[in-house]
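S.K.: Below is the structure I would like to discuss, written out as structure tokens.
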Amino acid sequence: LSEGYQRLLTFEVAGGGFSWFGRAPANQVLTAYGLVEFSLLSKLRQVDPKLIERTRRWLLARQQKDGSWLPDEHNLNDGLTNRKAGNRVRVTAYIAASLADSGYRGKALDRALSYLKAHMDKEKDAYSLALLAHAWLARPRSPHLGALLGRLWAQRSERRGRTVFAGPKATLT
């Protein structure tokens, strides 16, 4: 764990955030993923709380006034964006869920959920619905969580005795 923790630290970019190769510019989705990793790791070993706080602050500083996060226009495809154009709802849902999973409960999360509420009816695919539901886990009593899970569950099918959800038609892999 110690070696892995030290290795992860090498991907932090000067000025904040994390990148795939440890060089600027940082990637928001990767940084959100790192925030969750460090938060979980802190339950098993000592993690610098300043690292978690500055990672969180870096993400919060990139939130738009409407509560969303814009997709990164650089770096490797993070799997949350469409092939031709970024999906602001997916990116916002992922970052909001990551902030909540790391223990954050501030006003920026409320703004993100407000943005997601205004845009979630437009999302149709299972992946987007799952990301939205994950973000709404921050408010488990919300009717939006149940509605999203219902929409997601309605898309299931059975194959060889397993419940599956159709993926997007074209993916990076």
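S.K.: Hey, can you find the accessible area per residue of the chain for me, probe 1.4 Å, expressed in square angstrom?
M.R.: Normalised by residue count, the accessible surface of the chain is 59 Å².
S.K.: Okay, moving on. Between SER2 and LEU70, 0.36 nm times their residue separation minus their Cα-Cα distance comes to what?
M.R.: My answer for the length gained is 21.1 nm.
S.K.: Two decimals is fine: what is log10 I(q)/I(0) at q = 0.13, 0.22, 0.27 Å⁻¹ for segment 105-173, from a Debye sum with one equal scatterer on every Cα and no solvent?
M.R.: Values returned for q = 0.13, 0.22, 0.27 Å⁻¹ are -0.43, -0.96, -1.21.
S.K.: When the expected Rg is taken as 2.2 N^0.38 Å, what fraction or multiple of it is the alpha-carbon Rg of segment 97-145?
M.R.: Scaled against compact globular proteins, the figure is 1.07.
S.K.: With all protein chains present, how much of the accessible area of segment 1-141 (probe radius 1.4 Å) comes from carbon and sulfur, to the nearest whole percent?
M.R.: 53
S.K.: If you don't mind, another one. Over the chain, what is the relative contact order in percent, taking alpha-carbon pairs closer than 8 angstrom and at least six residues apart?
M.R.: 17
S.K.: In deg cm²/dmol and to the nearest 500, what is the mean residue ellipticity at 222 nm of the chain if only DSSP H runs of at least 4 residues count, each as -39500 (n - 2.57), divided by the residue total?
M.R.: Result for the chain, helices only: -15500 deg cm²/dmol.
S.K.: Same structure, new question: Going out from 0 in 10 Å bins, what whole percent of all Cα-Cα distances in the chain drops into each bin?
M.R.: The calculated distribution, bin by bin, is 10, 36, 34, 18, 2.
The values are calculated or read from the model by the stated rules, or taken from the named source; none is laboratory data. All figures in this text were calculated on a predicted structure; none of them were measured in a lab. Quick note on the areas: whole protein, heavy atoms, side chains included, nothing else; ligands and nucleic acids left out. Shrake-Rupley method; radii C 1.70, N 1.55, O 1.52, S 1.80 Å.
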